[in-house]
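Asks: Next up is a structure, given as structure tokens.
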Amino acid sequence: MPSIDDNFKLVKYIIKKNLNGDVSDASFNMLVKQAELSYLSHLIGGTETYQQGRPISRVELGNNQHIAQKLSPFIDTPELLTIDSNGNAVFPTDMIAVNAMFKVNATSASSRDYSGRIKWVNQDRLYSYLDDPIDPVAQNPIYLIEKNKFQFYPLSLGNAKISYIKKPVSAVWGYTVDANGRHVYNSATSQNLAWGEIDQVEILARVIRIIGVNLNAASVVNFANEIKAAGA
Amino acid sequence: MIVNVLITRIIRQIYGEKPSDDATITKNLVKTYLPEAIAQAVKTSAKENLQIEGIQYVNNSFYTTFKELQISPEGTIQGDYKCKLPSIPIALGRNEGIASVKLQDAVRTSVPLYMMSADGIDYMDKMPKPKGTPCWNEGSTLFFRSPKLNIEDYTAVVRMVSGGNMEMDSEINISDEWLPMISIYIRDALLASRKVQTDVSNDGLDKI
């Protein structure tokens with residue numbers, strides 16, 4: 001698996017090869033963080049390809065196994081959410097997006113033993129779910145999304161299990177300063193990309209494109225776009 | 001076929017695969033359509049038999065016997081009693097939705113009671129009465145007229161056209177050749193609801 005130093009060297013090589021200047025480690029660290037979030041947003045599903053009456057992205061979480069595989073470094077074992085007496089539970093601090101919400105099987109010791117889904121509901125449909133005689137909320141719990149928290153119904157649910165997409169730990173090219181004042185790669189203070197090797201190409205292409213735009217270098221932008229369009 | 005299996009199969013037909021967390025067509029929703037789908041199958045069967053053989057009847061496989069139905073006084077008419085049926089009998093003929101009713105105590109079972117039609121029960125009061133206890137149903141309530149004998153301590157045994165008790169883990173009381181009709185009826189009803197455009201914008205307007 002490439003290290004962050006390998007990634008940085010590749011980016012520098014591409015930029016220099018196109019005779020379009022250089023990129024500092026500070027800039028690289030800033031850009032790779034943005035590129036990761038941009039790629040993550042793309043895989044989860046961007047809204048730019050939504051159509052009237054069909055709010056579905058071309059690439060979206062749940063499309064197929066490939067997308068699930070790409071996101072797998074950020075989907076951990078479902079966590080237990082504690083719900084207070086008002087039905088509230090705060091977001092996990094590193095949550096980007098909810099993957100699924102489950103009821104907890106209170107009688108089972110296994111952390112993987114679920115007893116049904118908890119469905120997301122938008123606020124404007126809450127009344128019809130609370131009033132539903134076919135699937136009463138008491139046996140078919142639901143949740144809404146509010147500022148920094150979930151609102152569950154029934155209020156007495158107590159707990160739930162959440163599977164979510166975690167925010168990636170930002171990749172960092174760490175360094176020490178040598179006798180000549182140059183930055184030398186230090187693996188101890190560095191953080192590699194957590195993505196799969198194939199996906200790192202996608203992230204670096206995004207980094208290169210931002211650099212190309214910054215340097216007003218069409219050749220760099222085109223090169224990055226070629227990578228994205230044609231694949232790795 | 002188990003009720004849960006039939007319902008799951010119908011849902012998979014509607015979604016084309018196993019439903020996701022977002023699914024709004026639930027098992028409980030599908031289950032609400034089962035009694036009327038079964039009733040359609042029964043009526044079709046009875047009509048076909050009438051057309052082919054000139055006799056309206058329903059095959060034995062559509063019948064279920066329900067036991068230990070509690071009997072209580074009707075409350076306003078002296079000598080009348082009632083019990084709650086599991087469901088409203090299917091409207092076959094005058095009262096052919098119920099095939100037989102018997103009374104039972106700890107040791108004995110009575111001979112079948114004679115079923116009356118609702119418009120004949122009061123007329124019968126003026127006539128010489130045959131031996132036995134008449135009964136009739138109104139909706140899902142089965143009434144008995146027993147002015148001389150208190151039958152509160154008996155329970156009723158009712159054989160009627162029914163799809164079974166409809167519990168998820170119970171066998172659906174329909175023979176296999178009628179399952180396609182039931183499945184198609186429910187699937188078409190729910191597919192129609194999926195084709196309707198829904199208001200996905202939260203803008204205060206009930207408009208698509």
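The values are calculated or read from the model by the stated rules, or taken from the named source; none is laboratory data. Being a predicted model, the structure only gives us computed values, none of them experimental. Glycine gets a Cβ as well: all are built from the backbone with ideal geometry, and neighbour counts include every protein chain shown. Each accessible area value is taken on the protein alone, full model and side chains, heavy atoms only, with ligands, DNA and RNA left out. Shrake-Rupley method; radii C 1.70, N 1.55, O 1.52, S 1.80 Å.
Asks: Count charges around residue A:174 for me, please; just the other residues with Cβ under 12 Å from its Cβ, Lys/Arg as +1, Asp/Glu as -1.
Replies: On the way: positive: none; negative: A:5, A:25.
The answer is -2.
Asks: For a protection proxy built on the mean count of beta-carbon atoms within 10 angstrom, sort B:177-188, B:192-203 highest first, please.
Replies: On the way: B:177-188: 16.4, B:192-203: 9.8.
The most tightly packed comes first, giving B:177-188, B:192-203.
Asks: Show me, for region A:126-131, the HN-Hα J-couplings you get by feeding each phi into the Karplus relation (A = 6.51, B = -1.76, C = 1.60, θ = phi - 60°), rounded to Hz, glycine and proline as x.
Replies: Rounded to whole hertz, the list is 4, 4, 6, 6, 5, 9.
Asks: Could you sort B:205, A:37 by accessible area so the largest value comes first, with the probe set to 1.4 Å? Could you put the intermediate results ahead of the total?
Replies: Numbers: B:205 100, A:37 60 Å².
Greatest to least solvent exposure: B:205, A:37.
Asks: Taking H as built 1.01 Å from N, whose amide H comes closer than 5 Å to the amide H of residue B:100, not counting residues under 5 places away?
Replies: Sorted by chain and number, the residues that satisfy this are B:159.
Asks: Determine the shape class of the protein assembly as shown: with a ≥ b ≥ c the square roots of the Cα gyration tensor eigenvalues, call it rounded for a/c under 1.5, and otherwise prolate if a/b is greater than b/c, oblate otherwise.
Replies: Values: a/c = 3.98, a/b = 3.02, b/c = 1.32.
Note, shape of the protein assembly as shown comes out prolate.
Asks: Same structure, new question: Going by alpha carbons, how many degrees (0 to 90, nearest 10) lie between the helix axis of A:218-230 and the longest principal axis of chain A?
Replies: The two axes meet at around 50 degrees.
Asks: Could I ask something else about it? Computed FRET efficiency, Cβ-Cβ of residue B:74 and residue B:149, R0 22 Å: what is it to the nearest 0.05? List each step's numbers first, then the result.
Replies: Working: r = 14 Å, r/R0 = 0.66.
The value I calculate is 0.90.
Asks: What do you reckon, how do B:1, A:101, B:116, B:127 stack up by accessible area (1.4 Å probe), largest on top?
Replies: Working: B:1 60, A:101 0, B:116 35, B:127 85 Å².
Per-residue accessible area, sorted high to low, gives B:127, B:1, B:116, A:101.
Asks: If you average the C-alpha positions of region A:8-65 and of region B:157-208 separately, how far apart do those two centres end up, in angstrom?
Replies: 45 Å
Asks: Then there is this: Give me the distance in nm between label points sitting 7 Å out from Cα along the Cα-to-Cβ direction at residue B:51 and residue B:15, one decimal.
Replies: 3.7 nm
Asks: Follow-up question, since we're still on this one. Report, in deg cm²/dmol and to the nearest 500, the calculated mean residue ellipticity at 222 nm for chain B, where each DSSP H run with n ≥ 4 adds -39500 (n - 2.57) and the sum is divided by the residue count.
Replies: Calculated at 222 nm, the ellipticity per residue is -9500 deg cm²/dmol.
Asks: By its C-alpha gyration tensor, with a ≥ b ≥ c as the square roots of the eigenvalues, how is region B:49-208 shaped: rounded for a/c under 1.5, else prolate for a/b larger than b/c, else oblate?
Replies: On the way: a/c = 2.28, a/b = 1.85, b/c = 1.23.
Prolate shape, in that a/c is at least 1.5 and a/b is the bigger ratio.
Asks: Which whole number of Å³ per residue matches the convex hull of the alpha-carbon atoms in region B:1-137?
Replies: Considering the Cα atoms of region B:1-137, their hull volume per residue is 193 Å³.
Asks: Given the rule -39500 (n - 2.57) for each run of at least 4 DSSP H residues, summed and divided by the residues of chain A, what is its mean residue ellipticity at 222 nm, to the nearest 500 deg cm²/dmol?
Replies: -10500 deg cm²/dmol
Asks: Where Lys and Arg each count +1 and Asp and Glu each count -1, what net charge lies around residue B:207 among other residues with Cβ under 15 Å from its Cβ?
Replies: Overall, the nearby charge balance is -4.
Asks: Okay, next question. Compute the acute angle (0 to 90°) between the alpha-carbon long axis of helix A:25-44 and the principal axis of greatest extent of the alpha-carbon atoms of chain A; round to the nearest 10°.
Replies: Between helix and principal axis, roughly 40 degrees.
Asks: Determine, for each peptide in A:177-184, A:128-135, the mean count of other beta carbons within 10 angstrom over its residues, then list the peptides with the highest first.
Replies: The most tightly packed comes first, giving A:128-135, A:177-184.
Asks: When Lys and Arg each count +1 and Asp and Glu each count -1, what net charge do the other residues less than 10 Å away from residue B:21, Cβ to Cβ, add up to? Could you put the intermediate results ahead of the total?
Replies: Values: positive: A:117, A:119; negative: B:22.
Spelling it out: positives minus negatives among the neighbours equals +1.
Asks: Could I ask something else about it? If amide hydrogens are placed 1.01 Å from N in the peptide plane, which non-local residues have theirs closer than 5 Å to the one on residue A:175?
Replies: A:186
Asks: Moving on. Relative to the longest principal axis of chain B, what angle (0 to 90°, nearest 10) does the C-alpha long axis of helix B:179-195 take?
Replies: With rounding to tens, the tilt is 50 degrees.
Asks: Further, regarding this structure: Using modelled amide H (1.01 Å from N, peptide plane; none on Pro or chain starts), what sits under 5 Å from the amide H of residue A:46, excluding residues fewer than 5 places away?
Replies: For residue A:46, the qualifying residues are A:59.
Asks: Another question, if that's okay. Report the label-to-label distance for residue B:127 and residue B:40 in nanometres (one decimal), using points 7 Å from each Cα along the Cα→Cβ vector.
Replies: So the two model labels end up 3.8 nm from each other.
Asks: Residues in region B:1-45, backbone N under 13 Å from the label point at residue A:75 (7 Å along the Cα-to-beta-carbon vector): list them, ranges by number please.
Replies: From region B:1-45, the list is B:21.
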